[in-house]
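J.: The structure's right below; bear with me while I get my questions together.
The values are calculated or read from the model by the stated rules, or taken from the named source; none is laboratory data. Because the structure is predicted, anything quoted here is derived from the model rather than measured. Reconstructed Cβ throughout: ideal geometry from the backbone, glycine too, with neighbour counts over all protein chains shown. The protein model used for the area step is the full one, side chains on, heavy atoms only, and it has no ligands, DNA or RNA in it. Shrake-Rupley method; radii C 1.70, N 1.55, O 1.52, S 1.80 Å.
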Amino acid sequence: MPLALLALAISAFGIGTTEFVMMGLLPNVAEDLGTSVPTAGYLVSAYALGVVIGAPLLTALGSRIPRKRMLVLLMAVFTVGNLASALAPGFGTLIAGRLLAGLPHGAFFGVGAVVAARLVREGRQARAVATMFLGLTVANIVGVPAATLLGQHLGWRATFLVVAAIGLVAMAALAKLIPPLPAEERTGLGRELRALGNRQVLLGLLTTVFGFAGIFAVYSYLASMMTEVTGFSETSVTLVLALFGIGMTLGALVAGPLTDRALRPTLYGSLAALTVVLAVFHFTAEVKWAALVSVVLIGAVGFMTTTPLQMLVMNKAQQAPTLAAASNQSAFNLANAGGAWVGGLALAAGWGWTSPTLVGALLAAVGLIVAVTAGLLDRGARDSSRIVARSAQADAGTDTGAHSDTAVASKSLG
């Protein structure tokens, strides 16, 4: 794998850390800024809103900017957003800082996914994309717990200063390791949006929303399940969350090769497995060892869906793979918010602490139905989808493994 993928993974590590660390710092922020924990929870929503808004907007605005420069610019916005968060004098300005930090999230992964795919030879694109996402999973194992402890001992502002420093390191790595990659030829935002309106792309985004909502219906309340049902102490929850991150990493490692070999079967299998594991977790949550195994499995099969979903929308968007990949990140964040909301409704209805597991299983099953429906509609159609490269030699030189005008071609998706 090219070293350039390391730069993308470092960037993903920083993004993953700042995205999830706020959940562990809410009590500290609330106390320091004189607000309640539920109100401080808007800081999580502000970041997610930034992702949803920024993914299509920044991707479209930057469509004519060479990709390497675009990646560096996006990480610069990310770094400024975290620095603004660290220096925020009040709650309102902290909300603005979190929104700013979230704006480049989806666009970065959209551009980064296309760049990763173009850095390797045909047949290894999914592995390259999965390698970038490894930074996100490692953040949940190492970055988030370490940043949370740092914030608890030195103050939450120190956490965002460190994340800003990671952003600077990522910018330097991107500038040094990513080869020059000019922007694709475009005919304007209208063409981008028309390509994004492809039925298969829309069904892929819908699969993301339902499938990943199933994960977050459970993950959002995992800490409470572990303490209220399984019987773990509050101090052990960090270990449980780290196990979830380990599962995510295992899923990402497996998803790349499987997706390169058979995209749709990998997507079907991971969604089906997620449905089953979430349903089983409803019963295993009461047994400590079984609950821990279930947590790892949920992280693994859940994150196995990310690579095939990302590759699917990129391949099917044809003329706008970057915008489609970025929009998929918006879909992931909609799933985050929607899953937490639906899981919360089950709890509010008095169905018990494990009720979000069954809600999550139902949502994952709906995602599977949408994915299978999309596959049936696509069956028999000739797949001409391509992640188009304007000029491989101009893009990356002879040592990057990129090919000519149709450098990154999708495998059959039928």
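J.: Which shape class, rounded, prolate or oblate, goes with region 217-350 when its Cα gyration tensor gives a ≥ b ≥ c as root eigenvalues, a/c under 1.5 marks rounded, and past that a/b bigger than b/c marks prolate?
T.: Cα axes put region 217-350 in the prolate bin.
J.: Please work out how much length the chain gains when fully extended from Phe283 to Arg194, using 0.36 nm per residue of separation minus the C-alpha to C-alpha distance, in nm with one decimal.
T.: 27.5 nm
J.: Give the calculated FRET efficiency between Thr227 and Thr93 to the nearest 0.05, with a Förster radius of 41 Å applied to their Cβ-Cβ distance.
T.: Numbers: r = 33 Å, r/R0 = 0.82.
That pair, Thr227 with Thr93, gives E of 0.75.
J.: Picking from Phe13, Ser85, Ala96, whose Cα lies most toward the positive end of the charge dipole for region 1-115 (charges on Cβ: Lys, Arg +1; Asp, Glu -1)?
T.: Farthest towards the positive pole: Phe13.
J.: Let me ask you something else. Under a Cβ-Cβ cut-off of 14 Å, what is the net charge of the residues other than Val254 that fall near it, where Lys and Arg count +1 and Asp and Glu count -1? Each step should come with its number before you reach the end.
T.: On the way: positive: Arg127, Arg261; negative: Asp260.
Local charge sum for Val254: +1.
J.: In nm, give the distance between the simple-model label positions of Ala242 and Leu202, each being 7 Å from the Cα along the Cα-to-Cβ direction.
T.: The answer from the label model is 4.6 nm.
J.: So, one more: When the dipole is taken about the Cα centre of the chain, and only Lys, Arg (+1) and Asp, Glu (-1) are charged at their Cβ, what size is it in debye, to the nearest 20? Intermediate results must be reported in sequence, preceding the final value.
T.: Details: 24 positive and 16 negative charges, 242 e Å.
Computed charge dipole of the chain: roughly 1160 debye.
J.: What distance in nm separates the simple spin-label points at Ala349 and Ile65, each placed 7 Å from Cα in the Cβ direction?
T.: Going by the 7 Å Cα→Cβ label model, 4.5 nm.
J.: Return, ordered by residue number, the residues of region 241-258 whose backbone nitrogen is under 13 Å from a label point located 7 Å along Cα→Cβ of Leu149.
T.: 242, by backbone N distance to the label point.
J.: How high is the relative contact order of region 1-148? Use alpha-carbon pairs under 8 Å, at least six apart in sequence, and give a whole percent.
T.: Once normalised by length, the contact order is 41 percent.
J.: Could you give the length gained on full extension between Leu376 and Ala290, defined as 0.36 nm per residue of separation minus the Cα-Cα distance, in nm? Could you put the intermediate results ahead of the total?
T.: On the way: separation 86, 0.36 × 86 = 30.96 nm, distance 3.63 nm.
Using 0.36 nm per residue and subtracting the Cα-Cα distance, I get 27.3 nm.
J.: Where does the chain land at 222 nm, in deg cm²/dmol rounded to the nearest 500, when only DSSP H runs of n ≥ 4 count, each adding -39500 (n - 2.57), divided by all residues?
T.: The helix contribution divided over the chain gives -25500 deg cm²/dmol.
J.: Over the chain, with every protein chain in place, what whole percent of the accessible area is carbon and sulfur at 1.4 Å, could you tell me? Could you put the intermediate results ahead of the total?
T.: Working: 10730 of 15870 Å².
The nonpolar share, carbon plus sulfur, comes to 68 percent.
J.: Two decimals, Cα atoms only, Kirkwood Rh: what is Rg/Rh over the chain?
T.: Looking at the chain, the ratio lands at 0.96.
J.: Counting pairs of alpha carbon atoms under 8 Å apart in space and at least six apart in sequence, what relative contact order in percent does the chain give?
T.: Working: 839 pairs, mean separation 99.6, N = 414.
Relative contact order of the chain: 24 percent.
J.: So, taking all protein chains as they sit and a 1.4 Å probe, how much accessible area belongs to Asp32, in Å² rounded to tens?
T.: 90 Å²
J.: So, one more: Classify region 258-323: rounded, prolate or oblate, from the alpha-carbon gyration tensor (a ≥ b ≥ c, eigenvalue square roots; a/c under 1.5 rounded; otherwise prolate if a/b is larger than b/c)?
T.: prolate
J.: If you don't mind, another one. Might you tell me the accessible area per residue for the chain, computed with a 1.4 Å probe and given in Å²?
T.: So the chain comes to 38 Å² accessible per residue, rounded to a whole number.
J.: Moving on. Calculate the spin-label point distance for Val276 paired with Leu177, positioning each point 7 Å from the Cα along the beta-carbon direction, and give it in nanometres.
T.: Computed distance between label sites Leu177 and Val276 equals 3.7 nm.
J.: HN-Hα J couplings of region 352-366 from phi, Karplus 6.51/-1.76/1.60, θ = phi - 60°, integer Hz, Gly and Pro as x?
T.: The phi angles translate into x, 5, 8, 4, x, 5, 6, 4, x, 4, 5, 5, 5, 5, 5 Hz.
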